[in-house]
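Scroll down for the structure; my scribbles are underneath it.
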């Protein structure tokens with residue numbers, strides 16, 4: 001039996017826009033097993049980023065339960081906020097890699113230092129950091145700073161950071177949204193290849209139907225149906 | 001929607017930014033107008049006093065004896081236009097000056113200029129000379145003969161010479177120097193306010209860069225955008241400067257009366273003119289400052305063309321710093337000294353942020369801990385991006401350090417000096433008709449006074465030091481006393497021969513005040529020739545004593561050394577009665593002198609009054625500098641907060657990577673505290689140097705006396721704590737942003753926060 005990396009049940013989230021409450025999603029449930037990949041799609045504002053933030057503890061749901069990598073977070077069982085934050089912090093530091101559309105790197109550190117910084121936080125060896133950059137094809141740019149390389153190269157460095165921490169789960173929020181198609185293809189190809197090779201779970205938020213189709217499963221937040 | 005409306009929409013979206021800019025302009029205007037207004041009032045007051053005490057020429061006898069009516073007759077017979085000036089005590093108290101209106105006819109005054117003998121001067125009314133002559137029969141009076149045409153020196157009969165004649169103390173050089181100091185403070189405040197306004201304005205501009213780029217893509221010419229920006233800032237400046245000026249005048253007027261009293265205490269003369277300054281100068285100045293500060297980028301191409309270069313090199317800035325420091329040591333002219341101060345400040349301001357960034361980068365290179373490396377790189381970015389408010393804070397801190405040190409030193413020195421000068425409990429004026437000898441005998445015969453009290457007589461008058469460029473000599477004050485006892489023997493002396501007080505008591509020499517020693521290069525041990533009465537006497541100099549605030553030179557001499565023909569300007573007794581009651585003393589003196597009333601001053605009350613007046617001055621000075629510091633701190637706080645917002649994503653990234661918010665906040669605190677701490681450290685040497693310039697360079701050159709140079713490490717500590725508090729405030733404000741889950745990474749580059 002395959003272990004479940006992540007299970008979410010009955011997630012509710014709403015925002016206020018002025019005085020009006022806006023329901024982002026209600027009673028949302030999902031599951032992700034080891035080696036699985038899940039695409040989150042939906043129009044802008046459908047809650048893709050919010051869901052990713054909830055799944056890595058950056059935001060709290062109004063209601064619902066999240067079980068991730070052996071830790072359970074249940075809104076019905078309120079805990080001391082600091083304790084919850086510490087548990088989420090440990091998970092993000094060591095086991096959950098998060099990739100955003102851009103600005104994943106510290107601008108004041110070189111690409112290599114960014115990767116080493118992330119690996120150090122995760123408690124991983126820094127020795128492989130240069131290798132990860134090599135594997136992603138930007139080894140010769142290791143000493144450059146983020147503003148000295150292209151957007152595609154920055155996203156490759158972001159992937160190197162994520163893989164250098166040896167994550168069990170990767171959450172990627174439009175990771176190629178700001179890249180041209182060709183670069184996006186190359187970056188996403190590397191993401192899937194490494195995810196498959198290392199057997200970690202992947203949840204990918206995207207607008208791109210073709211990209212979504214490459215994932216094992218697909219959750220459309222616009223219609224809340226899973227295929 | 002018009003282009004102006006589109007441009008202004010930024011402030012509609014960010015009203016707090018507009019409020020910050022408006023507040024900064026209002027506060028900056030208030031601060032500078034306050035200083036300007038106070039300076040104008042002081043200037044107007046000094047001008048008023050100067051015109052009243054304008055120097056004239058008098059004729060004196062070469063043998064030093066008093067002028068008489070016979071002299072007047074002889075000079076008139078010689079065809080010289082001289083006017084008698086007879087100064088006597090009024091029976092109602094105060095002084096009367098008798099002048100001859102007929103003789104005054106040859107002193108033709110322009111209609112616009114009031115002659116000094118019209119109206120009232122320093123509480124002395126002018127009367128016809130016949131009235132004054134009546135009083136001379138009853139008491140001693142001094143006749144002076146003023147001459148209308150200084151060019152007629154060739155026609156002076158033998159035995160006469162020209163001498164300067166003043167109806168008040170010499171405030172010219174002192175006043176100018178004082179005003180120069182106030183002007184310098186004003187310029188420094190103006191520089192700081194310009195930096196603050198510019199820093200807040202540039203912040204808004206950085207955030208509007210995308211809008212400008214969009215307009216450019218829409219085909220709107222850059223020149224049109226620039227013109228609209230000028231209109232925008234002009235309107236904002238006009239709206240904000242007017243209340244700023246009003247607030248500044250209110251501030252200055254509120255503090256002005258105390259300031260006026262303090263000036264009077266300093267210069268021994270009423271100097272406060274009340275309402276001074278106008279609206280136009282602050283309005284025009286602040287308008288220019290705001291426009292230049294905000295639109296300096298438009299002027300940059302012009303400046304480049306003028307200086308013929310694109311970049312200032314670190315070497316030339318360093319050279320400017322060294323040249324400024326060297327100038328400050330060697331120049332003997334106030335104007336050049338202020339130029340040197342400006343050079344050092346400009347160079348320090350340019351170098352400070354660069355130095356912090358350079359040091360942070362060097363630390364980052366050597367850091368093995370990646371978190372520390374990241375933090376040092378962030379520090380470098382912040383130092384460069386927040387350069388303007390940082391420099392403003394550095395200047396304000398340096399100014400506060402220097403002024404605090406100066407004021408505290410002055411406070412301590414002044415208290416000691418006041419205690420010296422007012423050592424006796426009471427001061428009894430000797431009436432014009434009073435014979436001092438029986439009074440002295442009576443005082444000397446009182447056993448209670450001998451056992452527990454102290455007393456001495458004081459004679460004040462004038463003497464002349466021969467020589468000088470015009471060979472008329474230099475007038476100095478004479479402070480003669482006797483017997484020389486404990487009322488003076490614990491005075492602080494700058495330098496002296498062994499047992500100087502014993503020497504003074506035995507009439508072996510004189511002491512001179514610091515002003516006389518500095519201006520005439522008088523040294524202890526040398527012989528000083530003094531014309532006292534009609535005699536030229538050579539005295540060895542026994543000591544140099546501090547005499548803060550007095551414009552003139554003074555010699556301290558044993559009263560027994562004064563020749564019989566010495567003209568006594570004023571006589572008094574300083575008495576600490578001990579077990580004897582002061583009433584017993586005054587009753588007996590009234591009996592001896594056969595007068596109904598005596599003028600008795602309670603020195604303790606005077607000391608309290610003088611201390612209160614000076615305390616108010618010190619408070620005012622501290623208030624103005626502290627206000628500048630608070631303004632600079634607020635500017636850095638605002639800038640730091642807004643700029644940190646552009647970096648918020650990168651701190652949030654730490655949270656994404658698994659650090660707790662508390663840990664991320666701790667990084668933020670370390671960073672902001674390191675930044676403000678570093679600028680406080682750089683302000684420290686600048687402040688100490690400025691203290692040295694004020695105490696050891698400006699004061700002696702301008703005033704003729706120096707204060708002891710003291711440093712106050714507790715101020716450094718206070719300033720250090722303040723800088724840490726500013727850093728903590730920035731970090732706390734910023735930490736609030738870390739709590740928000742809605743910080744979007746897409747904003748980071750758009751806000752130009754992606755620097756490294």
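The values are calculated or read from the model by the stated rules, or taken from the named source; none is laboratory data. Everything numeric here is computed off the predicted structure, so don't read it as measured data. Heads up, the Cβs are rebuilt from the backbone with ideal geometry, glycines too, and the neighbour counts pull from every protein chain shown.
Scan segment A:22-40 and tell me whether some residue there is within 14 Å of another protein chain (Cβ to nearest Cβ), in a loop (DSSP other than H, G, I, E, B), under 24 Å from residue A:193 (Cα atoms) and in contact with a strand residue (DSSP E or B) (Cβ under 8 Å, 6 or more places away or on another chain). Looking for residues that are within 14 Å of another protein chain (Cβ to nearest Cβ), in a loop (DSSP other than H, G, I, E, B), under 24 Å from residue A:193 (Cα atoms) and in contact with a strand residue (DSSP E or B) (Cβ under 8 Å, 6 or more places away or on another chain), one finds none in segment A:22-40, hence no.
Taking residue A:108, is it modelled with pLDDT under 85, surrounded by 19 or more Cβ atoms within 10 Å (Cβ to Cβ) and farther than 18 Å from residue A:172 by Cβ? Yes, satisfied. For segment B:364-374, the criterion of being over 30 Å from residue B:611 (Cα atoms) and touching a residue at least 40 places away in the same chain (Cβ under 8 Å) is met by at least one residue. Among all residues of segment B:384-407, there is at least one that is part of a helix (DSSP H, G or I), within 14 Å of another protein chain (Cβ to nearest Cβ) and touching a residue at least 60 places away in the same chain (Cβ under 8 Å). Residues in segment B:35-78 that are more than 30 Å from residue B:249 (Cα to Cα) and modelled with pLDDT of 60 or more: 23 in all. Just to be sure, is residue B:728 under 20 Å from residue B:393 (Cβ atoms) and assigned to a helix (DSSP H, G or I)? Here the answer is yes, as residue B:728 does meet what is asked. Return yes or no: is residue B:522 under 32 Å from the mean Cα position of the chain (by Cα) and either over 30 Å from residue B:435 (Cβ atoms) or surrounded by fewer than 19 Cβ atoms within 10 Å (Cβ to Cβ) (or both)? Here the answer is yes, as residue B:522 does meet what is asked. Restricting attention to segment A:44-75, which residues are in contact (Cβ under 8 Å) with a residue 12 or more places away in the chain, out of contact with any strand residue (DSSP E or B) (no Cβ under 7 Å at 6 or more places or on another chain) and over 22 Å from residue B:652 (Cβ atoms)? Answer for segment A:44-75, where residues must be in contact (Cβ under 8 Å) with a residue 12 or more places away in the chain, out of contact with any strand residue (DSSP E or B) (no Cβ under 7 Å at 6 or more places or on another chain) and over 22 Å from residue B:652 (Cβ atoms): just A:46.
Evaluating residue B:705 against the criteria (1) more than 26 Å from residue B:204 (Cα to Cα); (2) modelled with pLDDT under 75; (3) within 14 Å of another protein chain (Cβ to nearest Cβ) leaves one unmet condition, (3). Criterion applied to B:443, B:487, B:481 was being assigned by TED's automatic domain parsing to the domain that holds residue B:563 and more than 42 Å from the chain's Cα centre (by Cα), and the one residue passing it is B:443. Against the list (1) part of a helix (DSSP H, G or I); (2) more than 21 Å from residue B:677 (Cα to Cα); (3) within 14 Å of chain A (Cβ to nearest Cβ), the condition residue B:343 fails is (3). Among the candidates A:207, A:218, which residue alone is in a strand (DSSP E or B) and farther than 25 Å from residue A:112 by Cβ? None of the other options fit; the residue is A:218. When segment B:651-672 is filtered for residues that are over 24 Å from residue A:84 (Cβ atoms) and within 13 Å of chain A (Cβ to nearest Cβ), only B:671 remains.
Those strands (runs of 3 or more DSSP E) of segment B:419-531 in which 1 or more residues are touching a helix residue (DSSP H, G or I) at 6+ places or on another chain (Cβ under 6 Å) occupy B:426-429, B:454-465, B:474-482. Kindly check whether there is at least one residue in segment A:85-96 that is under 29 Å from residue A:28 (Cα atoms), at the interface with another protein chain (Cβ under 10 Å from one of its Cβ atoms), surrounded by 22 or more Cβ atoms within 10 Å (Cβ to Cβ) and touching a residue at least 60 places away in the same chain (Cβ under 8 Å). Looking for residues that are under 29 Å from residue A:28 (Cα atoms), at the interface with another protein chain (Cβ under 10 Å from one of its Cβ atoms), surrounded by 22 or more Cβ atoms within 10 Å (Cβ to Cβ) and touching a residue at least 60 places away in the same chain (Cβ under 8 Å), one finds at least one in segment A:85-96, hence yes.
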